[in-house]
Amino acid sequence: MAASVCCLRAVLSQCHRHILKKAGNNAPSLTCTNRSWAFIRFYAAPATSKAKQKEKEKEIKSKNEKEIKEDIEQKRKDTSRAKPYGFTAWEPTDDVYIARYYPKPTLEVETATNLLKKYQTLDFTYSNQAVYAELKLDMKMEKKKKVDPFVGYLNYPYPFSTEDNKIVVFTEDAEAVEIAKCNGVAFVGGSELVEQVLNDEIQADFYVATPDIIPKLNPLKNKLRKKFPKSKRGSVGRDIPKMLQLFRTCHEYLVENECLIKTKIATLEMPCEHIAANLDALIKDACTHKPLSYGPFVERVIISSATSEALFIKFQKFLPQQPEKESDN
């Protein structure tokens, strides 16, 4: 019985194929059109790659995280609350406590530097290690305008570097060449130095140029980037001695991540007064890049050593003040 059923199925399937084939021979145009219409597309599908979608998702996620962090910071600034937002209390009541449950204390500069020195002796680390400062800046201005990230040059009142910066002077003026050589410049010359800089035969901390040679230095823009001579940074001019005086001993700092300045300000072996004076000079120099009428430029200051934790600083006394208007009498 089972064999007969299988034979019947085979016969019926062959008959079905024969009928379809015959219908195709009688109306070939119909079958061709049916087959061709099935593969016609009337529109172009948008080319959406997974990489682009992931980048968009990351951007949206990072924006949301920034908004959440800013919202939390604003809530934690509210001192009228019984306890700070997200913490157990404003201050611990015991000598032993879990640090993450309480906001970090804001210390005076002298107190913070003394703590850094104490941490160094307790940890048995290098005594002449660097002291770093981190400044968070308010880059917002009126409406949607912002302060562009900038590079600053500063001569600390108490320098900690023992070596002078290496400087390259680009000029084709014979008199300027002689002046640069008399001032002890590492390298001085014209367009012949371009190829040597591109091949890493010449490396320096700062690059200075006279205005007439700037068009010949265009091949160095991608190589030097932020070190490329510009008049806004004071590295392009005709007064060679003045520029060399600035860049020979100056300290360079720049804005990173849109609003942060992270730079070295001193060493732990320096007195606390010298460290405070260098921090004061850095804050005042950074504040020159935004008008005082828009409010305080610096929002937060943190100092730390190479091996210590970060300490929050009371920096308000270092901020430049607007000159008081004279009252009409």
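The values are calculated or read from the model by the stated rules, or taken from the named source; none is laboratory data. Predicted, not measured: the structure shown is a model, and the values here were computed from it. Reconstructed Cβ throughout: ideal geometry from the backbone, glycine too, with neighbour counts over all protein chains shown. For accessibility, only protein heavy atoms count, side chains too; no ligands or nucleic acids. Shrake-Rupley method; radii C 1.70, N 1.55, O 1.52, S 1.80 Å.
Annotations for the structure displayed:
- For residue 64: the one exception among (1) farther than 27 Å from residue 307 by Cβ; (2) touching a helix residue (DSSP H, G or I) at 6+ places or on another chain (Cβ under 9 Å); (3) among the polar types (S, T, N, Q): (2)
- The residue that is farthest from residue 133 (Cα to Cα), among those in the range 78-105 that are of a type in the set (Phe, Trp, Tyr) and open to solvent by less than 70 Å² (accessible area, probe 1.4 Å), is 87.
- Given (1) exposed (fewer than 12 other Cβ atoms within 10 Å of the Cβ); (2) among the polar types (S, T, N, Q); (3) touching a helix residue (DSSP H, G or I) at 6+ places or on another chain (Cβ under 8 Å); (4) under 30 Å from residue 185 (Cβ atoms), number of the condition residue 322 does not satisfy: (4)
- Positions within the range 245-262 being outside any strand (DSSP E or B) and either open to solvent by less than 50 Å² (accessible area, probe 1.4 Å) or in contact (Cβ under 8 Å) with a residue 12 or more places away in the chain (or both), in sequence order: 246, 247, 248, 249, 250, 258, 259
- Selection of the range 218-239 for residues being within 27 Å of residue 301 (Cα to Cα) and part of a helix (DSSP H, G or I) yields 226, 227.
- If you go through the range 187-217 and keep only what is touching an Asp or Glu at 6+ places or on another chain (Cβ under 9 Å) and assigned to a loop (DSSP other than H, G, I, E, B), you end up with 190, 191, 201, 205, 210.
- Residues in the range 156-171 that are part of a loop (DSSP other than H, G, I, E, B) and of a type in the set (Val, Ile, Thr) were compared, and the one that is nearest to residue 263 (Cα to Cα) is 162.
- Test result for residue 161, in contact (Cβ under 8 Å) with a residue 40 or more places away in the chain, among the small types (Gly, Ala, Ser) and in contact with a His (Cβ under 8 Å, 6 or more places away or on another chain): yes
- Single residue of 240, 265 found to be open to solvent by less than 30 Å² (accessible area, probe 1.4 Å), under 29 Å from residue 169 (Cα atoms), out of contact with any Phe, Trp or Tyr (no Cβ under 9 Å at 6 or more places or on another chain) and not hydroxyl-bearing (Ser, Thr, Tyr): 240
- Filtered by the rule that a residue be of a type in the set (Lys, Arg), under 24 Å from residue 304 (Cα atoms) and assigned to a loop (DSSP other than H, G, I, E, B), the range 67-104 gives 77, 104.
- Given (1) open to solvent by less than 70 Å² (accessible area, probe 1.4 Å); (2) among the charged types (D, E, K, R); (3) at pLDDT below 90, index of the condition residue 73 fails: (1)
- Under the condition of being assigned to a helix (DSSP H, G or I) and either surrounded by fewer than 13 Cβ atoms within 10 Å (Cβ to Cβ) or in contact (Cβ under 8 Å) with a residue 12 or more places away in the chain (or both), the residues counted in the range 106-155 number 14.
- Only one of the listed residues (242, 284) is under 21 Å from the mean Cα position of the chain (by Cα) and in a helix (DSSP H, G or I). That residue is 284.
Condition check ((1) of a type in the set (Asp, Glu); (2) open to solvent by 50 Å² or more (accessible area, probe 1.4 Å); (3) touching a strand residue (DSSP E or B) at 6+ places or on another chain (Cβ under 8 Å)) across all residues:
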{"position": "273", "(1), (2), (3)": "yes, yes, no"}
{"position": "279", "(1), (2), (3)": "no, no, yes"}
{"position": "282", "(1), (2), (3)": "no, no, yes"}
{"position": "285", "(1), (2), (3)": "yes, no, yes"}
{"position": "292", "(1), (2), (3)": "no, yes, no"}
{"position": "299", "(1), (2), (3)": "yes, yes, yes"}
{"position": "302", "(1), (2), (3)": "no, no, yes"}
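- Residue pairs whose Cβ atoms lie under 8 Å apart, separated by 6 or more positions or on different chains, with the first residue in the range 219-233 and farther than 15 Å from residue 168 by Cα and the second assigned to a helix (DSSP H, G or I), are 219/194; 219/198; 231/211.
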